[in-house]
Amino acid sequence: MLGDGITGRLIIFPGLGQLFLQSAKIMENMSASASDENLKYPIGRYQPPVVISADQRAAWIEEMAKLPLNLNKAVAGLNDAQLDSPYRPGGWTVRQVVHHLPDSHMNSYMRFRFALTENVPLIKPYDEGAWAELSDARSAPIAPSLALLEGLHTRFVLLLKSLSDADFARTFRHPELGERRLDWTLGLYAWHSLHHVAHINNREK
Ligand code: NI
(Lines give C-alpha, C1' and ligand atoms only; values in the text may rest on other atoms or scores of the structure.)
Protein backbone atom coordinates (compact mmCIF):
# COMPACT_ATOMS: atom_id res chain seq x y z
CA MET A 1 0.00 0.00 0.00
CA LEU A 2 2.69 2.33 0.98
CA GLY A 3 4.56 1.41 -2.17
CA ASP A 4 1.47 2.18 -4.28
CA GLY A 5 1.12 5.54 -2.59
CA ILE A 6 4.68 6.47 -3.37
CA THR A 7 4.38 5.25 -6.93
CA GLY A 8 1.16 7.23 -7.29
CA ARG A 9 2.88 10.37 -6.07
CA LEU A 10 5.75 9.84 -8.41
CA ILE A 11 3.29 9.55 -11.28
CA ILE A 12 1.51 12.71 -10.27
CA PHE A 13 4.78 14.59 -9.66
CA PRO A 14 7.34 12.85 -11.81
CA GLY A 15 10.11 15.17 -10.65
CA LEU A 16 9.42 14.77 -6.93
CA GLY A 17 11.30 11.53 -6.28
CA GLN A 18 14.31 12.93 -8.07
CA LEU A 19 14.00 16.10 -6.03
CA PHE A 20 13.95 14.10 -2.76
CA LEU A 21 16.99 12.12 -3.89
CA GLN A 22 18.79 15.31 -4.80
CA SER A 23 17.99 16.95 -1.46
CA ALA A 24 19.12 13.84 0.41
CA LYS A 25 22.34 13.88 -1.57
CA ILE A 26 22.89 17.61 -0.90
CA MET A 27 22.28 17.09 2.86
CA GLU A 28 24.72 14.17 2.85
CA ASN A 29 27.36 16.25 1.06
CA MET A 30 26.77 19.16 3.42
CA SER A 31 27.36 17.03 6.49
CA ALA A 32 30.37 15.33 4.82
CA SER A 33 31.89 18.69 3.99
CA ALA A 34 31.12 20.04 7.49
CA SER A 35 33.00 17.11 9.00
CA ASP A 36 35.84 17.49 6.43
CA GLU A 37 36.05 21.12 7.49
CA ASN A 38 36.25 20.07 11.19
CA LEU A 39 38.97 17.55 10.46
CA LYS A 40 40.94 20.03 8.35
CA TYR A 41 40.33 23.01 10.66
CA PRO A 42 39.86 21.57 14.17
CA ILE A 43 40.25 25.03 15.79
CA GLY A 44 38.53 26.86 12.91
CA ARG A 45 40.22 29.10 10.37
CA TYR A 46 42.43 32.04 11.25
CA GLN A 47 40.18 34.97 12.18
CA PRO A 48 42.30 37.86 13.43
CA PRO A 49 40.67 40.87 15.08
CA VAL A 50 40.48 44.01 12.93
CA VAL A 51 42.66 45.92 15.40
CA ILE A 52 45.48 43.91 16.95
CA SER A 53 46.29 45.09 20.50
CA ALA A 54 49.55 44.66 22.41
CA ASP A 55 47.74 42.23 24.74
CA GLN A 56 46.64 40.17 21.76
CA ARG A 57 50.21 40.09 20.46
CA ALA A 58 51.50 39.00 23.87
CA ALA A 59 48.98 36.13 23.94
CA TRP A 60 50.06 35.05 20.44
CA ILE A 61 53.76 35.20 21.41
CA GLU A 62 52.89 32.97 24.38
CA GLU A 63 51.33 30.42 21.97
CA MET A 64 54.48 30.54 19.85
CA ALA A 65 56.59 29.92 22.97
CA LYS A 66 54.45 26.90 23.92
CA LEU A 67 54.53 25.15 20.53
CA PRO A 68 57.68 23.03 21.05
CA LEU A 69 56.38 21.64 24.36
CA ASN A 70 52.83 21.17 23.02
CA LEU A 71 54.17 19.29 19.99
CA ASN A 72 56.47 17.13 22.13
CA LYS A 73 53.48 16.18 24.30
CA ALA A 74 51.28 15.44 21.28
CA VAL A 75 53.77 12.96 19.78
CA ALA A 76 55.11 11.48 23.04
CA GLY A 77 55.07 7.70 22.90
CA LEU A 78 53.86 7.42 19.29
CA ASN A 79 55.38 4.48 17.42
CA ASP A 80 56.40 4.47 13.75
CA ALA A 81 53.06 3.00 12.63
CA GLN A 82 51.21 5.84 14.40
CA LEU A 83 53.61 8.46 13.04
CA ASP A 84 53.08 7.10 9.53
CA SER A 85 49.26 7.19 9.76
CA PRO A 86 47.36 10.14 8.31
CA TYR A 87 45.84 12.45 10.93
CA ARG A 88 42.66 12.46 8.80
CA PRO A 89 41.60 10.44 5.73
CA GLY A 90 43.64 11.75 2.80
CA GLY A 91 45.71 14.07 5.03
CA TRP A 92 49.39 14.19 5.86
CA THR A 93 50.84 11.61 8.21
CA VAL A 94 51.66 12.73 11.75
CA ARG A 95 55.34 12.53 10.72
CA GLN A 96 54.73 14.92 7.80
CA VAL A 97 52.89 17.33 10.12
CA VAL A 98 55.84 17.31 12.55
CA HIS A 99 58.37 18.03 9.78
CA HIS A 100 56.06 20.66 8.25
CA LEU A 101 56.10 22.82 11.39
CA PRO A 102 59.83 23.77 11.38
CA ASP A 103 59.75 23.97 7.56
CA SER A 104 56.88 26.45 7.69
CA HIS A 105 58.04 28.41 10.72
CA MET A 106 61.61 28.75 9.37
CA ASN A 107 60.09 30.47 6.34
CA SER A 108 58.07 32.72 8.62
CA TYR A 109 61.08 33.54 10.81
CA MET A 110 63.00 34.63 7.73
CA ARG A 111 60.06 36.76 6.53
CA PHE A 112 60.06 38.56 9.88
CA ARG A 113 63.79 39.24 9.63
CA PHE A 114 63.53 40.44 6.03
CA ALA A 115 60.60 42.73 6.90
CA LEU A 116 62.53 44.18 9.87
CA THR A 117 65.66 44.91 7.86
CA GLU A 118 64.37 45.83 4.39
CA ASN A 119 61.65 48.12 3.08
CA VAL A 120 58.57 45.98 2.23
CA PRO A 121 60.64 43.07 0.89
CA LEU A 122 59.16 40.70 -1.65
CA ILE A 123 59.14 37.30 0.03
CA LYS A 124 59.55 33.87 -1.53
CA PRO A 125 56.49 31.62 -1.23
CA TYR A 126 57.12 27.90 -1.00
CA ASP A 127 55.06 24.90 -2.04
CA GLU A 128 54.30 23.36 1.34
CA GLY A 129 52.58 20.31 -0.18
CA ALA A 130 55.63 19.53 -2.34
CA TRP A 131 57.99 20.09 0.62
CA ALA A 132 55.95 17.60 2.67
CA GLU A 133 56.27 15.01 -0.11
CA LEU A 134 60.10 15.15 -0.20
CA SER A 135 61.59 11.88 0.99
CA ASP A 136 62.97 13.19 4.29
CA ALA A 137 59.66 14.86 5.18
CA ARG A 138 57.90 11.52 4.64
CA SER A 139 60.35 9.25 6.40
CA ALA A 140 62.94 11.00 8.62
CA PRO A 141 62.88 10.46 12.39
CA ILE A 142 60.98 13.27 14.11
CA ALA A 143 63.58 14.02 16.84
CA PRO A 144 65.67 16.37 14.64
CA SER A 145 62.57 18.36 13.69
CA LEU A 146 61.47 18.62 17.33
CA ALA A 147 64.97 19.91 18.21
CA LEU A 148 64.97 22.27 15.22
CA LEU A 149 61.58 23.68 16.22
CA GLU A 150 62.70 24.17 19.81
CA GLY A 151 65.82 26.12 18.78
CA LEU A 152 63.93 28.05 16.13
CA HIS A 153 61.10 29.08 18.47
CA THR A 154 63.57 30.12 21.18
CA ARG A 155 65.10 32.55 18.67
CA PHE A 156 61.70 33.47 17.17
CA VAL A 157 60.15 34.30 20.56
CA LEU A 158 63.21 36.35 21.62
CA LEU A 159 62.85 38.30 18.38
CA LEU A 160 59.07 38.76 18.79
CA LYS A 161 59.43 39.97 22.39
CA SER A 162 61.96 42.60 21.25
CA LEU A 163 59.60 44.21 18.71
CA SER A 164 57.91 47.60 19.14
CA ASP A 165 54.49 48.75 17.89
CA ALA A 166 56.24 50.29 14.88
CA ASP A 167 58.08 47.01 14.17
CA PHE A 168 54.80 45.07 14.24
CA ALA A 169 53.35 47.53 11.71
CA ARG A 170 56.15 46.72 9.24
CA THR A 171 55.18 44.65 6.22
CA PHE A 172 56.42 42.29 3.57
CA ARG A 173 54.92 41.66 0.17
CA HIS A 174 53.76 38.18 -0.79
CA PRO A 175 53.66 37.89 -4.60
CA GLU A 176 50.12 36.42 -4.58
CA LEU A 177 48.60 37.64 -1.29
CA GLY A 178 49.98 41.19 -1.31
CA GLU A 179 51.26 43.23 1.62
CA ARG A 180 51.07 41.67 5.10
CA ARG A 181 51.78 43.28 8.48
CA LEU A 182 53.97 41.48 10.99
CA ASP A 183 51.33 41.58 13.77
CA TRP A 184 48.82 39.90 11.42
CA THR A 185 51.50 37.35 10.52
CA LEU A 186 52.32 36.67 14.18
CA GLY A 187 48.64 35.80 14.72
CA LEU A 188 48.68 33.51 11.71
CA TYR A 189 51.62 31.50 13.04
CA ALA A 190 50.21 31.34 16.59
CA TRP A 191 47.03 29.95 14.99
CA HIS A 192 49.13 27.63 12.80
CA SER A 193 50.88 26.25 15.90
CA LEU A 194 47.57 25.35 17.59
CA HIS A 195 46.06 24.15 14.29
CA HIS A 196 48.64 21.41 13.66
CA VAL A 197 48.95 20.29 17.30
CA ALA A 198 45.14 19.88 17.25
CA HIS A 199 45.46 17.71 14.11
CA ILE A 200 47.73 15.34 16.03
CA ASN A 201 45.72 15.40 19.27
CA ASN A 202 42.36 14.93 17.48
CA ARG A 203 43.48 12.29 14.99
CA GLU A 204 41.51 9.06 14.62
CA LYS A 205 43.12 6.50 16.90
NI1 NI B 1 50.42 24.14 7.99
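Of note:
- Hydrodynamic radius by Kirkwood, which averages 1/r over all alpha carbon pairs of the range 33-94, in angstrom: 14.3
- Packing around the peptides 191-197, 80-86, taken as the average count of other Cβ atoms within 10 Å per residue, puts them in this order, highest first: 191-197, 80-86.
- Given R0 = 22 Å, the distance between the Cβ atoms of residue 73 and residue 204 translates into a calculated FRET efficiency of 0.70.
- Residue 41 exposes around 60 Å² of accessible area when a 1.4 Å probe is run over every protein chain in place.
- Descending by average beta-carbon neighbour count within 10 Å, the peptides 45-57, 170-182 line up as 170-182, 45-57, the highest first.
- Label-to-label distance, residue 188 versus residue 143, with points set 7 angstrom from Cα along the beta-carbon direction: 3.4 nm.
- Kirkwood Rh, angstrom, the range 104-149 [1 / mean 1/r, Cα pairs]: 12.4
- Once the convex hull of all Cα atoms in the range 61-117 is built, its volume per residue stands at 88 Å³.
- Close amide-amide hydrogen proximity is noted between residue 120 and 171, each under 5 Å apart and 5 or more residues distant or on a separate chain (H modeled in the peptide plane; Pro and chain starts excluded).
- Solvent-accessible surface of the range 107-173, averaged per residue with a 1.4 angstrom probe and all protein chains in place: 58 square angstrom.
- Gain upon complete extension [residue 38, residue 81; 0.36 nm per residue less C-alpha separation]: 13.1 nm
- If you bin all the Cα-Cα distances of the range 107-202 at 5 Å, starting from zero, the percentages per bin are 3, 11, 18, 23, 20, 14, 9, 2, 0.
- Couplings 3J(HN,Hα) of the range 142-155, computed from phi: 7, 3, x, 6, 5, 5, 4, 5, 5, x, 4, 5, 4, 5 Hz, in residue order, whole Hz [Karplus 6.51 cos²θ - 1.76 cosθ + 1.60, θ = phi - 60°; x for Gly and Pro].
- Pairs of Cα atoms nearer than 8 Å and 6+ residues apart set the relative contact order; for the range 62-205 it is 37 percent.
- Gain in span if fully extended, residue 47 to residue 117, counting 0.36 nm per residue against the direct Cα distance: 22.4 nm
The values are calculated or read from the model by the stated rules, or taken from the named source; none is laboratory data. On a predicted model such as this, the values are computed, not experimentally measured, just so you know. In this analysis, Cβ positions are derived from the backbone assuming ideal geometry, glycine residues included, and neighbour counts consider all displayed protein chains. Surface accessibility is based on the protein's heavy atoms, side chains included, excluding ligands, DNA and RNA. Shrake-Rupley method; radii C 1.70, N 1.55, O 1.52, S 1.80 Å.
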